[in-house]
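Here is the structure we will look at, set down as structure tokens.
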Amino acid sequence: MATATASSAQSVARPKVRQTKMLIGGKWCDSVSGETFETFHPATEEKIADVARANAQDVDRAVKAARKAFEEGPWPAMDARDRGRLINKLADLLEQHAEELAALETLDNGKPIRDSKAADIPLVIDCLRYYAGWADKITGDTIPIRGNYFCYSRREPVGVVGQIIPWNFPALMVAWKWAPALATGCTIVMKPAEQTPLSCLRMAELATEAGFPPGVINIVPGFGDAGAALVKHPDVDKIAFTGSTETAQLIMRDAAQTLKRLTFELGGKSPNIVFADSDLDAAVAGAEFGLFFNQGQCCCAGSRLFVEESIHGKFVEKLVAKAKQRQLGDPFQLATTQGPQIDVDQFNKIMKYINLGKEAGAKCVTGGEREGKKGFFVQPTVFDEVTDDMAIATDEIFGPVLSVLPFKTFDEVIERANKSFYGLAAAVWTRDVTKAHKVAQAVRAGTVWINCYDVFDAAAPFGGFKMSGMGRELGEKALENYTEHKTVTMSLG
């Protein structure tokens, strides 16, 4: 694999870490226990900072603060348009600090600075602005009913929401969760991933500067015990979780005690289908981007690449050449296109699956090894001659490992594409518009891209079928996650 080299003029400076405490009731504080945990830069394995570690007592304090803000503070009385202005003010502050936030994201997560600057932070700002516009447009209905009555419905905030986010897009996941919750009038207790708490804490600092009332946004960094305490807390009305299917199953079990509202955005093993009549170069570029973007650490990554048999050989040849062009190295260098995996556990998991693929008889046509001696770098890896029953074709690897599976007929590829517990995303590449829409209708997935991949917009709902989740993020649909419908009926005499 190519290794990026650059002078200081071609790189971005590492940012200063400003906030490592938890935010509860508008105040930055240490944990009750005084415990902290370390966060590391995955490209060098060096410690960045010690962060306050929340436990159940801290979660309880945060929930009480959120409940007070929801019921007693200025938040429930605030006009919806003023909530929208406040969200826009936060977006303005994030825009002013965009360079710092992008660098902080790269420091804590390891993703290339070019991606943090061009994708993550701009999408964060856009998401907040989108939902700021929704704040005063969440309406009910006037309902004709039998008899001499006036009947209408209201949409009211669900209350205190617990939000648990992953490490692959730390800042963006904050925005996806905060924005619709704040627009509807909910209050928030968020637990960021223990691997990547820093951008969330900095965004919360800017939210305080923007003027959000104390207790509206609370941040409790920590591990699974803090997340479990949030799920079990009787005064939390809803849990929104993005992460693994296995963790979601635990959350469902624990949330059953209080019948909390739940929404999940979970894992995937997304089929990316290339027909022989496609624009071959565009499909190759889409397949490469659809898997290797963000080091393969995307829930919707196109990890099962179905290629029509008649173009299979040529396609794999072009794909391998494209993968070999990826620049691995220091994520603060502007030339770097692939950074490290998030931590040693994820690195070891990926290498385990690479070895399983080799042992099962799949042909590793490029990559398949660690890159360098320091940092959690994995070479862009492409397996050919993969069969549907191999672990690399069935399990979510969450790394830069792509499986190529040839197919012969339309019906065959649809059946194989749907043969998965997951149903988050899919893509199809073809010049035949009828065929494209037939695939979009037949594939069991929450998002289907046609002749493109990983196209996201704050207005477009995103979520999964089957074991890929419940509910939708983004768009108007996400507002349903944070509102209750109330029916009001009045006698007219």
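The values are calculated or read from the model by the stated rules, or taken from the named source; none is laboratory data. These figures come from a predicted structure and were not determined experimentally. Using ideal geometry, Cβ is built from the backbone for each residue, glycine included, and neighbour counts are taken over all protein chains shown. Ligands, DNA and RNA are stripped out before the accessible areas are found, and what is left, the full protein with its side chains, is counted by its heavy atoms. Shrake-Rupley method; radii C 1.70, N 1.55, O 1.52, S 1.80 Å.
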query = Residues of the stretch 10-127: accessible area per residue at 1.4 Å, in Å²?
reply = 46 Å²
query = Which distance in Å, rounded to a whole number, links the C-alpha centroids of the stretch 199-262 and the stretch 338-395?
reply = 32 Å
remark   = Computed over the chain: longest principal axis from alpha-carbon atoms vs helix 121-132 long axis, angle to nearest 10 degrees, is 40 degrees
ask   = Among K21/K232; K16/K111; K232/K349; K318/K363, which pairs are too far apart, with a Cα-Cα distance over 19 Å?
value = K21/K232; K232/K349
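Given charges of +1 on the Cβ of Lys and Arg and -1 on the Cβ of Asp and Glu, with all other atoms neutral, how large is the dipole of the chain about its Cα centre, in debye to the nearest 20? Don't jump to the answer; show the numbers that get you there.
Working: 56 positive and 62 negative charges, 127 e Å.
For the chain, the charge dipole is close to 620 debye.
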ask   = For helix 280-292, what angle does its Cα long axis make with the longest principal axis of the chain, in degrees from 0 to 90 and rounded to 10?
value = 60 degrees
query = What nm value, rounded to one decimal, do you get for the distance between A321 and E46 when each label is placed 7 Å out toward the C-beta?
reply = 3.9 nm
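Tell me, what is the per residue accessible area of the stretch 295-335 in Å², probe radius 1.4 Å?
On the way: 1420 Å² over 41 residues.
The answer is 35 Å² per residue.
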query = Helix 344-360: angle to the longest alpha-carbon principal axis of the chain, degrees 0 to 90, nearest 10?
reply = 40 degrees
inquiry  = Loop only by DSSP, 15 or fewer other Cβ within 10 Å of the Cβ. Give me the chymotrypsin sites (Phe, Trp or Tyr not before Pro) in the stretch 400-444 that pass, ordered by residue number.
reply    = F421
ask   = Say each of A335 and D388 gets a label point 7 Å from the Cα, pointing the same way as Cα to Cβ; how far apart are those two points in nm?
value = 4.5 nm
task = With N denoting the number of residues in the stretch 66-166, provide Rg(C-alpha) divided by 2.2 N^0.38 Å, to two decimal places.
result = 1.51
key: Between the stretch 108-158 and the stretch 32-62, the alpha-carbon center distance in angstrom   = 31 Å
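Please tell me the relative contact order of the stretch 370-457 in percent, rounded to the nearest whole number, where contacts are Cα pairs under 8 Å and at least six residues apart.
On the way: 88 pairs, mean separation 18.2, N = 88.
With pairs under 8 Å counted, the relative contact order is 21 percent.
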ask   = Hey, can you rank 154-161, 235-242, 176-183, 479-486 by average C-beta count inside 10 Å, highest first?
value = 176-183, 235-242, 154-161, 479-486
task = Show that you can apply the helix-only estimate: for the chain, add -39,500 (n - 2.57) for every DSSP H stretch of four or more residues, divide by all residues, and state [θ] at 222 nm to the nearest 500.
result = -10500 deg cm²/dmol
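First compute the accessible area of the stretch 311-384 with a 1.4 Å probe, then give the percent of it belonging to carbon and sulfur atoms. Working shown, then result.
Numbers: 1500 of 3100 Å².
Solvent-exposed carbon and sulfur of the stretch 311-384 make up 48 percent of the total.
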ask   = Based on the inverse mean of 1/r over its pairs of different Cα atoms, what is the Kirkwood hydrodynamic radius of the stretch 6-146, in Å?
value = 18.4 Å
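Calculate the dipole size of the stretch 15-123 relative to its Cα centre from +1 charges on Lys and Arg beta carbons and -1 charges on Asp and Glu beta carbons; express the result in debye to the nearest 20. Before the final figure, lay out each step's value.
Details: 17 positive and 20 negative charges, 76 e Å.
So the magnitude is around 360 debye.
If you put +1 on each Lys and Arg Cβ and -1 on each Asp and Glu Cβ, how big is the dipole of the stretch 190-287 around its Cα centre, in Debye rounded to 20?
With Lys and Arg at +1 and Asp and Glu at -1, about 460 debye.
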query = Using a ≥ b ≥ c from the Cα gyration tensor of the chain (square roots of the eigenvalues), is it rounded, prolate or oblate, where a/c under 1.5 gives rounded and otherwise the larger of a/b and b/c decides, a/b for prolate?
reply = oblate
